[in-house]
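Here, each number is a calculation from the coordinates, and none is a lab measurement. Values in this document were obtained by computation on a predicted structure and should not be read as measured data. Methodologically, a virtual Cβ is constructed for each residue, glycine included, from the backbone with ideal geometry; neighbour enumeration extends over all protein chains shown.
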Amino acid sequence: MEYSAKVMEHFTNPHNVGEIPDADGIGEIGNAKCGDIMKMYLKIENDVVVDVKFKTYGCASAIATSSIATDMIKGQPISEVLKLTNKAVVEALDGLPAVKIHCSVLAEQAVKAALADYYKRQGIDPEPIVGKIEDHDHDACHI
Ligand code: FES
């Protein structure tokens, strides 16, 4: 399997790894089947994501996509963060092997889950804003 230089760079030296103890929203997406879990922490001020950290227990693609996704949303208003797609993440990584595309969905979904948590904490129903959080299809990336 061939990974781009960008994937290798983010996998070996991931950005924004860790936790935010006083996060305003935390999202966790995972699948018991392959054991991959991604946890995303957001610090939000005036509708802007001022800080973001993540922890991923997963494959190289999952780590590289979460790393680049955090770079892409840091400092962005929520309206822009909501537009983050796994496609944009994959493009920013100069592509992923076809069988690994599904791993990138984990990053998009973890960000959305963290935003959903942020709204829930304020008593706001997140679904009309963030949409439905889909479960990552792990069967597709274990080939
Ligand atoms: Fe499960 Fe990539 S995230 S194998």
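Which value, in Å³ per residue, describes the convex hull spanned by the Cα atoms of the chain?
Once divided by residue count, the hull of the chain is 98 Å³.
What the phi angles of the stretch 91-105 give under the Karplus curve with 6.51, -1.76 and 1.60, with θ = phi - 60°, is a coupling list of 5, 5, 8, 6, x, 10, x, 3, 6, 9, 4, 4, 5, 6, 5 Hz, glycine and proline written as x.
Computed extension length for Lys6-Thr85: 26.7 nm, one decimal, from 0.36 nm per residue of separation with the Cα-Cα distance subtracted. Listed values for the stretch 106-116 are Karplus-derived 3J(HN,Hα) couplings in whole Hz (6.51 cos²θ - 1.76 cosθ + 1.60, θ = phi - 60°), namely 4, 5, 4, 5, 5, 4, 5, 5, 5, 5, 4, and x replaces Gly and Pro. Computed from phi, the 3J(HN,Hα) profile of the stretch 79-85 under the Karplus parametrisation 6.51, -1.76, 1.60 (θ = phi - 60°) reads 4, 6, 4, 5, 8, 4, 10 Hz, with x in place of Gly and Pro. Full extension of the segment from Val48 to Glu28, taken as 0.36 nm per residue of separation minus the current Cα-Cα distance, would add 5.2 nm. Protection proxy ranking of 64-72, 83-91, 117-125, by the mean of other Cβ atoms within 10 Å over each peptide's residues and highest first, is 64-72, 83-91, 117-125.
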